[in-house]
Amino acid sequence: MDDKRMPFLDHLEELRWSLVRCLAAVAAGFVLALLFVRRIVKLLEWPFREAGVGMADAPQFLRTISVAESFTTVITIAGVAGMALALPYVFFEIWKFVSPGLTRPERRAVAPLIFFGTAFFFSGVAFCHQVILPQALKYFLQLNQTFGWAAEWRMQDFLSFSLTMLFAAGVMAELPVLTVVLARFGIVSAPFLIHYWRHAVVTLFILAAVLTPSSDPLTMLLLAGPLMALYALSILLAKLFYVQSPLFHAPS
């Protein structure tokens, strides 16, 4: 840590300007997303189209009901896409703010995680978009067919479900990155994670249930399954990156 300490009010001023720059980045991402909103909409609709392939009773269109729903939908999509585009810069601003409080070895250890945190988040989003969402939506369509119900899906409901699933998958994909950080600071180790794997399974299933935007078991399992794989990856990463700390000891 640097010998020169910054006064508390200067820390608040630095935090204020960091927030301002983050908001400016999100606003710029919002404007950029508005320019390509048609392509983003088609990208979000892809799991919906994929789920209906080969199903005669699948809905062909997503519908809007209220007068201003189309406008609200476009603004929501652009806002979420803008935040996603600004995410790498937001991570960078967070790093700039917290790095002065770390020692030089800690900065060297944590700095690469800005890139990996962003990469894992978008990898989780991509996996959900390509694998989880189509399967979850197909399950709901087949459930309608089983009972002979006509499926007419509202755009706003579909958007809320899809964005919640995508965000949840992105956050869950950060588990290995979080594990590396904790391992580098000696807080968790591979023996610790192996010792408490039963507790972790229960916790991850509860987390999947909380983050799942619906109450069906299939969607929860589609989220919980990758979480189990990420936990196994976290054990391997903890073994590779663990640094012994006198304050924390893994159970034998």
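Here, each number is a calculation from the coordinates, and none is a lab measurement. Nothing here was measured: the structure is a model prediction, and the numbers come from that model. Neighbour counts run over all protein chains shown; Cβ positions are idealised from the backbone, glycine included.
For this structure, a couple of remarks:
- Options VAL53, GLY186, ALA224, ranked by Cα towards positive dipole end of the chain, top entry (Cβ charges): GLY186
- The distance linking segment 72-101 with segment 120-183 is 21 Å (Cα centroid to Cα centroid, whole angstrom).
- Counting only whole DSSP H helices of the chain, the ones at least 15 Å long by C-alpha along their axis and with mean Kyte-Doolittle hydropathy no lower than -1.0 are 8-35, 37-51, 69-98, 112-127, 133-147, 155-172, 197-211, 217-241.
- Gain on full extension, evaluated as 0.36 nm per residue between VAL210 and GLU14 minus their Cα-Cα distance, stands at 67.0 nm.
- Net dipole in debye of the chain [+1 Lys, Arg Cβ; -1 Asp, Glu Cβ; about Cα centre; nearest 20]: 480 debye
- Label-to-label distance, GLN142 versus GLU50, with points set 7 angstrom from Cα along the beta-carbon direction: 1.6 nm.
- Of the peptides 64-74, 161-171, 19-29, the ranking by mean beta-carbon count within 10 Å, highest at the top, reads 161-171, 19-29, 64-74.
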